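Notes follow the structure.
The values are calculated or read from the model by the stated rules, or taken from the named source; none is laboratory data. Note that the structure is a prediction, hence the values are computed from the model and not measured. All accessible areas refer to the heavy atoms of the entire protein, side chains included, with ligands and DNA or RNA removed. Shrake-Rupley method; radii C 1.70, N 1.55, O 1.52, S 1.80 Å.
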Amino acid sequence: MRGVGAAVVACVAAVVLTACGGGGSGDAAEEPEGSGGPAGVTVTLAAVRGDIRAAAAAGDFGRPRFVDDTGAPGAGRCSVFAEVRTHAKPDRKAVAALVAKLKGRGWHELMQTADSGGEGWTLEKESWSLIVLAGAMTKEQVAAAQPPGGAAGAEAFSGLYLSGLGRDCGAAAATPAS
């Protein structure tokens, strides 16, 4: 399908733009693994990040780099953006191991797409959605996906991009714990 190539370009370009802007966060800024979330929310941001780390390790990709997106509604508690850069387009078997690990940790596949530009999955776990994109983009493709004026710092990208969104965590965070 042609759509996944465009999705890889658009999503990876957003991460590259955010990362170049200095908004990235290292492990020091992350929540502790054992931190609980708002009352009534089982899947927390820390749990989603833990699933992403475990999945990246299962595919032998190393540690993902989590990127802050401070402009997103609920950023910091309701969304997670991670990338893993590779030297070439990610190996299909390694990506399959990553996705299998996510499924083993309770993520259910809603959709899978693939084309020459890459592969993509949409997964869901309770109130969280996770998009996994694996592929490679040239500098020109990244530049073409940037907003006006953002193409100057474009760089080629190959690797993984993971984007998660918790649909109920914002509402739950506003509810007092009993």
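Counting every C-alpha pair in the stretch 97-172, the share spaced more than 21 angstrom apart comes to 42%.
Here the stretch 123-173 exposes an accessible surface that is 57 percent carbon and sulfur, computed with a 1.4 Å probe and the other protein chains kept in place. The shape of the stretch 114-156 comes out oblate: with a ≥ b ≥ c from the C-alpha gyration tensor, a/c is at least 1.5 while a/b does not beat b/c.
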